[in-house]
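Please see the structure below; I have some questions.
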Amino acid sequence: MPNGRPVPLADGTVLDGMPAQAPHGGQPPVPMPGPVPSPSGVGANPNPAANGSSGTPGGGTGPAVAAAAPRNRKPLIIAIVAALAVVAAALVAFLTYRAEVWGGKTLPDPASIAKEVTDANGGKASAVKAKDVTDALKAKGLTTKTVKVYSGQDVGTFVGYSGAQQGQRVKAGSTVTVEESAGPGVPKGTVGKNVDQMTELFASMGVPIHYKKIIVTDTKRIPENQIVATSPADGQGVPEDQLDDGIDIGVAVKGDGIGADIIGTDKGKAQSDLESQGYDVTLHPRLAAKANVGKIVGSDPAPGSDVSSGASVTLYYGIDASGVKDAYTDTTSDSVYGDGLLGSSAVAAGTWCNNAGDCITFDAKNEDAQYGNGQIPYGQGRDGIDYERNGYDDMLIACDAVQQAYCSNKKAGYLIDGDTGAFELMPHQSLTGYFCGDDTPKGGDGSFLGGCTGDYGYSGGTFDFDSVMQGAQYRMQDMYVVVPVGAKLDQLEANGYFDKTALADAKKAKAVDTTRPFLLYRDPKQYDKTTVDITSMDMQNPFVPYNGYSGDEASVTKFKPAPTDASAYYLVGTGASYDWSSLPDAQVKQPSAKQSGNGSGGSAGTASFKAVADTYRWENGDGSDYTEIVVKADGTFSGKNSVANPGPGQSNATADRVESKFQGKFKSMKKNDAGGYDLQCDADALKLADSASGKSSDPYWAVDPCTTWHWYPAGTPYDDMNTKVEVKSWLVSVSGEDGDSWKTPLLINDGGKATFQSYRQ
């Protein structure tokens, strides 16, 4: 041993049987039990090889090395292998989860779908359509259902997931509901809600929103600030040709007159209450839902109107199928026909809409006429025919009341004569009308007089049919079947009124809701044949109900479509419409400022400019000078400056005017803190026509320079407007009306230092 000290080995044993010193001065390990080596150096262990050494470090036959216990590495290896297996399993689980092999499916992010669509379109960006999302979901093995919701986004655009969020995991095989934009509209269930709950939603619709006051007399029944009426009706979209008009929302306010709360009250009580207040009241029937039979469903003047005592008021009360014949019956004592069945009535007046948002509106006229309950005028048909001829506005009739006001033949087979409670509506002229190669109906007077040649065709007192009716045809024209609540629909179907194939297909579809009145429009697109040549004077027109005089009922073309929930047009509004433009503006709390809801940080796409689309005007007090601007839904605008140039003795109103035209566009818009929009004008797109001489030295001052503009909805407080222009003083000087806000939307050009007010002629 060096220096007489034991030599430590790597595993902690020592030569000469002595334990190694603990490292760093620690306590030495406890000696292993066993005999102590003799001083002679001869080990007590008879098997030195058991210590892993055969002698001295030099390999000689020196002193024996003390034996150490063998180290078992198997458990450690097993533990390491097990740990690696766990890690590997976790990694596999993580990767397979990420790959959606298990644990459900992730609802895709529309942004990723948008990129795929853009790439597929050669780099051309496009809004994500609902169909793009449903295709992506189906690729994941998920079932989809698409529902349409009203929004400010273009029709067909993806709005969101119903009851879920993008990135959320859903169970494999489950059904995901995708919301598809139906364009702007009034969500179903709006009427009856507090207006403050709806302002933010309506602000996102991308069309002008007009809040109007509607009077209620019983605020316990209808609290103030509750929405009582809308246009379009509750649950309906804004028609394409009315996007610039936007949405009207009637908000309840306490007042006197014909309160909106009259709707739904018993007809007798409503009549007696108004008569006790001095009103002259007349009752007229209207078709109504089951819950409103016998109750008030509308009035003229409209419910919510401020009407002075002593005025005449018409109340419309609901009826079902049992009241239809009475609504078509003349009961006046001076009628030469007695209680005759009339051909016309306004009982079906109102707005009827299908689930797809297509609406049909029937107006009423002559309700104070001598006979019956008025008429439904019908000037322009859905079939494209102009029924208004020679200043005569045609009407819808339920039977062959052609040359007289009454149904002339009880054997004719018209539904109004039957006992199902349903009835038909046809243009008056269609019962005797024919065509001679164009879209102008002839023969609406009930005869073939004039024919297709313009010649009366009489020779020797005999009508020469062949000479004047060459090329004449009967054509399928508009027809409606109206089915009131309580009508015998099963009997109507069993009687063979509907086409057999159409009826069989209808039985497989969702059934129509018979608790609501509905009508069906005969759809020419579902027929292979919609015209037939006229071959004789006695030939039956197969496209109108059997007339009881010639032909037979079996030859009548069967009706398509048959009734289903999808084919039905349900009654959504009755009575006289509100005159929205005459109602005072309601002051409502505007929603907090938000960026435009198009995911672009406030930059608006073309559809977003629908909110400000309107006609606006700046003018001076004497009418000598005005600038008018028309903003379209795509952000483009055009307009003119008009200057009066009066001659001797002429006023500004009668003088010739000098006009200077311009056009341009807004390139972006975003929400501002006052509930309106800040718009950026594209200065490069502003085009100014050459101006003629006139009073104004610069006819374009109101629009040029074209930099930052502001739009504010009606009723926005002046103090909330962030603009360099003195808005209030100008409006007061022009109109003489003072106040804290203005009654119409305002468009302000900060660059041109001009305020334009919404101007609807």
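For segment 155-255, what is the Kirkwood estimate of the hydrodynamic radius, computed as the reciprocal of the mean inverse distance between distinct Cα atoms, to one decimal in Å? Present the calculation step by step, with values, prior to reporting the outcome.
Working: mean 1/r = 0.0651 Å⁻¹.
By the Kirkwood definition, the hydrodynamic radius is 15.4 Å.
Determine the share of segment 160-200's accessible area contributed by carbon and sulfur atoms, expressed in whole percent, with a 1.4 angstrom probe.
Numbers: 850 of 1990 Å².
Using a 1.4 Å probe with all protein chains present, segment 160-200 comes out at 43 percent carbon and sulfur.
Just to be sure I understand: if I project the alpha-carbon convex hull of segment 265-312 onto a plane and average over all orientations, what area do I get in nm²?
For segment 265-312, the mean projected area of the Cα convex hull comes to 3.3 nm².
Can you give the accessible area of ILE227 in Å² (nearest 10), computed on protein heavy atoms with a 1.4 Å probe?
Counting only protein heavy atoms, ILE227 exposes about 0 Å² to solvent.
So, taking all protein chains as they sit and a 1.4 Å probe, how much accessible area belongs to CYS452, in Å² rounded to tens?
Approximately 40 Å² for this residue.
Write down Rg/Rh for segment 625-678, rounded to two decimals, with Rg from the C-alpha atoms and Rh from the Kirkwood relation over Cα pairs. All intermediate terms of the calculation are to be shown ahead of the outcome.
Values: Rg = 16.5 Å, Rh = 13.6 Å.
In segment 625-678, Rg relative to Rh is 1.22.
Leaving out ligands, DNA and RNA but keeping every protein chain, what accessible area does ASP368 have, in Å² rounded to the nearest 10, with a 1.4 Å probe?
130 Å²
Right, next: Mind giving me the nanometre distance, one decimal, between the label points for SER276 and VAL147, set 7 Å out from Cα along Cα→Cβ?
4.4 nm
In Å², and per residue, what accessible area does segment 256-300 have when probed at 1.4 Å with the other protein chains present? Provide the component values of the computation, followed by the final result.
Numbers: 1930 Å² over 45 residues.
That works out to 43 Å² for each residue.
To continue, here is another question. Treat each spin label as a single point 7 Å out from the Cα along the C-beta direction, and report the ALA89 to ALA311 distance in nm.
Here the modelled spin labels are 8.2 nm apart.
While we're here: Within the accessible area of segment 466-582, what % is carbon and sulfur when the probe is 1.4 Å and the other protein chains stay in place? Walk me through the intermediate numbers first.
On the way: 2730 of 5740 Å².
So the carbon and sulfur contribution to the accessible surface is 48 percent.
The values are calculated or read from the model by the stated rules, or taken from the named source; none is laboratory data. Since we're looking at a predicted model, the values are computed, not measured. Cβ: placed from backbone, ideal geometry, glycine included. Neighbour counts: every protein chain shown. SASA here: full protein model, heavy atoms, side chains in, ligands and nucleic acids out. Shrake-Rupley method; radii C 1.70, N 1.55, O 1.52, S 1.80 Å.
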